[in-house]
Protein chains: 2
Amino acid sequence: MKVFDKAVESRFDRRCTFVALGGGVIGDMCGFAAAAFLRGVNFIQIPTTLMAQVDSSVGGKTGINHPLGKNLIGAFYQPQCVLIDTNTLNTLPDRELASGIAEVVKYGLIRDAPFFEWQEKNMPKLLAREPNALAYAIKRSCENKAEVVAQDEKESGLRATLNLGHTFGHAIETGTGYGAWLHGEAVAAGTVMATDMSHRLGWIDDSIRKRVVDILKQAKLPIAPPETMTVEKFKNIMAVDKKVADGLLRLILLKGPLGCCVFTGDYEGNALDETLHAFCDN
Amino acid sequence: MKVFDKAVESRFDRRCTFVALGGGVIGDMCGFAAAAFLRGVNFIQIPTTLMAQVDSSVGGKTGINHPLGKNLIGAFYQPQCVLIDTNTLNTLPDRELASGIAEVVKYGLIRDAPFFEWQEKNMPKLLAREPNALAYAIKRSCENKAEVVAQDEKESGLRATLNLGHTFGHAIETGTGYGAWLHGEAVAAGTVMATDMSHRLGWIDDSIRKRVVDILKQAKLPIAPPETMTVEKFKNIMAVDKKVADGLLRLILLKGPLGCCVFTGDYEGNALDETLHAFCDN
């Protein structure tokens, strides 16, 4: 509402351009404001966090949170351009850097095994912010995301695979209050949970499960939800996830060799329960 | 926000459908809520006022008001279907019926001279709510609107002509507080002002100006703004209109024979001033 107030007070007209300079929240909020102001004005993304550079600034998903769930209000609205300057990462806190790495790992797991293997070898370089390593990781991430979004902009299926670990992760973010955990931290824990569930279903080898835990540990990311998250909390929050259809929660789960996943609600119901109980004390 | 709250609390998923049952405000608000909820769900328009049936329910413009201006926040979002039942008009108050007629008159003036001539002959039947006359007026109005929107959905030019009288009219609505005057009442007064300005510019014959005033009088619609609207008020409010570009206010003005109009910012500046002074005491 403050963005709208300022835009109206400043008498911006339909030819104005909104510039989202900042992290994912700024990009999502500014993009939705641009989509709705005068029914749509131009906007440009200039993401300044690794998370925003490898994920949220690309693909046109914009939105804001509702007290009961994340990103429930928004629009599919493409920016006129995305401008990434890796120099902005020089002053990014370590936790924020690691948070972005969680999404980089995701691309490897869902569709790009060679990229995952590259990350396993180059994680120390990424954590040391070596410019060439960061630039390569950002470029491969954006390429992977763009290929998926080009095939399925409105998320009728394929695009949902970009949400590996996000359903568990969103539940953690909602359950602990936005900001207690960074998005990528919640996604990392969620990715371990999704991987564990895939393994329980017999869909992946144990070696993959171990490599997922190892790479996230290397990046100093959480590999389990916080203690305050109970089974009950997970279930209540996941019930309002956007991927619920006909009361059935569809999940992105790894299946097959490294780099392969499925988006499905067709899994044994107790596998989800078992996973939640394995990660939660209550 | 109440619509979003209810939808989230009720755990609606992406396959839900929002149904807008009511007048234009309901349709605009519900449509924007449908556009933004989960980044877009299905919606159906069931307009129950003449205004909504002949205009606002068709064409996909949705939105809500900002305290400083009308419809400044919204989306272009098409309904899956528009269902019009003329029986709903049986209980519509007379003022609401007349308000819808203002938009019917508009279609004749901007692009359909034979329809305007039909209205001049059949206005008593419309006011008496003769079912066949109403059905014909609604059908011709929707056809006119659909033809325009099909050519220019996002209002890069042609679609703006549907706003004849609306820039003056919106200023009246904002200046008097939404609801003091019905939308079509404000549009009627605005149409007379736009017609007067066109005549001042020498763009239309005096006979057209007279016929516009006569048909709106017949429909018992206002033919001048309320006394509380000053020249200053008009100017301040019109400066934030969505059709302002580079500080220039573009207007829809009649030009040429009956049924012809232009959307332009290219008019002698004092013609607007003279028009405002002619209609305002201060």
Checklist entry - Does B:Asp241 fit the bill of being within 14 Å of chain A (Cβ to nearest Cβ) and closer than 26 Å to B:Tyr178 by Cβ? => result yes
Item to check | Single condition B:Gly60 does not satisfy, out of (1) surrounded by fewer than 22 Cβ atoms within 10 Å (Cβ to Cβ); (2) in contact with a Phe, Trp or Tyr (Cβ under 9 Å, 6 or more places away or on another chain); (3) under 18 Å from A:Ile73 (Cα atoms) | outcome: (3)
Checklist entry - Applying the selection to the stretch B:50-76, what residues are hydroxyl-bearing (Ser, Thr, Tyr) and more than 9 Å from chain A (Cβ to nearest Cβ)? => result B:Ser56, B:Ser57
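Return yes or no: is A:Lys154 assigned by the TED database to the domain that holds A:Cys260 and at pLDDT 95 or above?
no
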Next on the checklist: Return the pair list, or none, for Cβ contacts closer than 9 Å from residues in the stretch B:136-147 that are touching a residue at least 12 places away in the same chain (Cβ under 8 Å) and in a helix (DSSP H, G or I) to residues that are surrounded by fewer than 21 Cβ atoms within 10 Å (Cβ to Cβ) and acidic (Asp, Glu), at least 6 apart or on different chains.
Outcome noted: B:Arg140/B:Asp112; B:Asn144/B:Asp112
Checklist entry - Being under 25 Å from B:Gly69 (Cβ atoms), within 14 Å of chain A (Cβ to nearest Cβ) and not in a loop (DSSP other than H, G, I, E, B), is that true of even one residue in the stretch B:249-271? => result yes
Checklist entry - Does A:Asp55 count as of a type in the set (Asp, Glu), surrounded by 24 or more Cβ atoms within 10 Å (Cβ to Cβ) and part of a helix (DSSP H, G or I)? => result yes
Next on the checklist: I need a count of the residues in the stretch B:178-195 that are surrounded by fewer than 19 Cβ atoms within 10 Å (Cβ to Cβ) and assigned to a helix (DSSP H, G or I).
Outcome noted: 0
Checklist entry - On the given criteria, is A:Phe32 within 21 Å of B:Phe32 (Cβ to Cβ) and in a helix (DSSP H, G or I)? => result yes
Checklist outcome for this item: Filtering the stretch B:29-49 for residues that are within 12 Å of chain A (Cβ to nearest Cβ) and among the hydrophobic types (A, V, I, L, M, F, W, C) leaves a count of 8
Item to check | Filtered residues of the stretch B:209-224 (kept if surrounded by 15 or more Cβ atoms within 10 Å (Cβ to Cβ) and within 18 Å of B:Phe279 (Cβ to Cβ)) | outcome: B:Arg209, B:Val212, B:Val213, B:Leu216, B:Leu221, B:Pro222, B:Ile223, B:Ala224
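The values are calculated or read from the model by the stated rules, or taken from the named source; none is laboratory data. A quick note: this is a predicted structure, and the numbers were derived from the prediction, not measured. Using ideal geometry, Cβ is built from the backbone for each residue, glycine included, and neighbour counts are taken over all protein chains shown.
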